[in-house]
Amino acid sequence: MPTECNATLFEFAPVEGRRVVAAFDGGTITSDAGALLLGETDRAIRLTDRFATCFIDARMPELVEHTVGTMVLQRVVGIALGYEDLNDHDQLRHDPVLAVLVGKLAAKRSDCAPLAGKSTLNRLELSRPEATRYHKVSHDAAAIETLFVDVFLEAHRRPPAQIILDLDATDDPLHGNQEGRFFHGYYDCYCYLPLYVFCGRHLLAAKLRRSNIDAAAGSVDEIGRIVRHIRARWPRVRILLRGDSGFAREALMAWCEANRVDFLFGLARNERLEAEIKTEMAIARAEGEATGKPARRFGDFTWSTLDSWSRVRRVIGKAEWLPGSSPGTGAANPRFVVTSLPPKEIAARHLYEAIYCARGEMENRIKECQLDLFADRTSAATMRANQLRLWFASAAYVLMCALRRIGLAHTQFAAATCGTIRLRLLKIGALVRISVRRVSIAMASACPSQHEFALAHAMLRRAAT
């Protein structure tokens, strides 16, 4: 009898005399069963429901198959699961777990899927501030920006005594002819220059900007909006604003001084600044050459620019000597920061090493947003659409951050990146059985993170009640 051939059957090397074959014929199976935890997280913080209220739907209700709430949840959870392209949703619209999350197992019409496809989601991403004949869904940018600060405030049971707001600009490379495209000499590419504001792991703002501007452009307005919002809820909280030398601008520092906000910024070095720590540098060099190890000293002085600053401010200078590979060689590594914090409150070394250097942790948060959650996927033609894409990616980060904060606080994933959480907890294969009375999701028995999944489920269920 001739061998039966199946074009969709994949054959692999035999094992112990047995043929190994595979095919995409398993039926209703998902590779994203862990997304159920995202659903519980969303119920605990009500993120996508409130995100959806930032959109105005002018479509005729009787003709709508996919509501704005369904599309927003589908898009945010899709990004969290690693699906950066809208094209992926032409298959994901049939995924049973995503259907469970949106509470819609079957479509109203026979020619539709339970979830939206790429074309419908694309119209959502192309929504405008005002509805038009061809764009019936519009969005309120101010409401979206407010939502991120609200989620941050609600994450605290009681107002903290002090918070540190980190702000930074980064590059978002462009590979087409998008609106607002400019070449940036420092990053050596065509890009956008988004502004991020974080408080610890909490994302407070993600503002898309053209790259032909100063890094601090618009920061006064953005920080002013956030600070007003925070103080409306926490009137007594002390706020420290922290950033690199790109934000040591007169306008921002003067605003902080006028609004009871402390600041700590890097300060670009120059000959006048280096002259202020000449003695400290000589001592550090002598120590470094004697020991063969890096040595540092700190200078604490008041200083002002020749014409750009309106007042004298406190400056900390780090005089560091880095020995070379052979005796008698080495290099000076001076660094400076400017701050409103007084010397009697905090010493120079502690201010620089413990407070300012901790600013580098924000770089990891930006990497999570851009590398794990595709915040740099700004390939739409207009800046408006790309800003909305950035906000969808930001919402996915907020959702993952809440899962980590609420559900995984006492597990090995308490400090894990979004990419690690996705790989270990969300990408779980499962067989889905839908009956009249229940939806049964049978997850892989060999999943190595079952204990963490169970604990996260219990914590999220408690938070949602």
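Brief remarks follow.
- Sequence-distant aspartates and glutamates (8 or more away, or on other chains) whose Cα lies within less than 12 Å of LYS427: ASP32
- The slack in the chain from ASP25 to HIS410, taken as 0.36 nm per residue of separation less the alpha-carbon distance, amounts to 134.7 nm.
- In the chain, the longest principal axis of the Cα atoms and the axis of helix 278-291 are about 70 degrees apart.
- On Cα atoms only, tilt of 35-45 relative to the major axis of the chain in degrees: 60
- Percent accessible area from carbon and sulfur atoms, the chain, protein chains only, probe 1.4 Å: 52
- Scaled radius of gyration (Cα, divided by 2.2 N^0.38 Å) that the stretch 29-175 gives: 1.17
- Listed by chain and number, the aspartates and glutamates whose alpha-carbon sits under 15 Å from that of LYS367, ignoring those within fewer than 8 places in the same chain, are ASP166, ASP168, ASP171, ASP172, ASP376.
- The calculated 222 nm mean residue ellipticity attributable to helices in the chain amounts to -9500 deg cm²/dmol, summing -39500 (n - 2.57) over DSSP H runs of n ≥ 4 and dividing by all residues.
- Solvent-accessible area per residue in the chain equals 50 Å², computed with a 1.4 angstrom probe and all protein chains kept.
- Distance between modelled label sites at GLU274 and ASP90, nm, 7 Å Cα→Cβ extension: 5.9
- Reach of LYS278 by Cα under 17 Å, taken over aspartates and glutamates that are not fewer than 8 positions away in the same chain: GLU287, GLU289, ASP300, GLU320
- Loop-located trypsin sites (Lys or Arg not before Pro) in the stretch 199-248, at most 15 other Cβ atoms within 10 Å (DSSP): ARG236
- Using R0 = 51 Å, the C-beta based FRET efficiency linking GLU65 and SER310 works out to 0.30.
- If you look at the Cα atoms of the stretch 178-235, you get an Rg and a Dmax of 14.0, 43 Å.
- At R0 = 22 Å, FRET efficiency that the Cβ-Cβ distance of ALA331 and GLU363 yields, to 0.05: 0.40
- Other-chain or far-sequence residues with amide H under 5 Å of TYR192's (modelled H): ASP172, LEU174
- Extension gain, ALA107 to GLU345, is 79.4 nm, computed as 0.36 nm per intervening residue step minus the present C-alpha separation.
- Taking the longest Cα principal axis of the chain as reference, the axis of helix 141-154 is set at about 80 degrees.
- Net length available on complete extension from LEU322 to ARG236 is 26.6 nm, with 0.36 nm assigned per residue and the Cα-Cα distance removed.
- Translational D in µm²/s for the chain (Stokes-Einstein at 4 °C, 1.567 mPa s, Kirkwood Rh from C-alpha pairs): 51
- For the stretch 306-341 and the stretch 179-224, distance of Cα centres in Å: 26
The values are calculated or read from the model by the stated rules, or taken from the named source; none is laboratory data. Everything quoted here is computed from the prediction, not taken from an experiment. Cβ coordinates were reconstructed from backbone atoms using ideal geometry, including for glycine residues, and neighbour counts include every protein chain displayed. Ligands, DNA and RNA are excluded from the accessible area calculation, which covers all protein heavy atoms including side chains. Shrake-Rupley method; radii C 1.70, N 1.55, O 1.52, S 1.80 Å.
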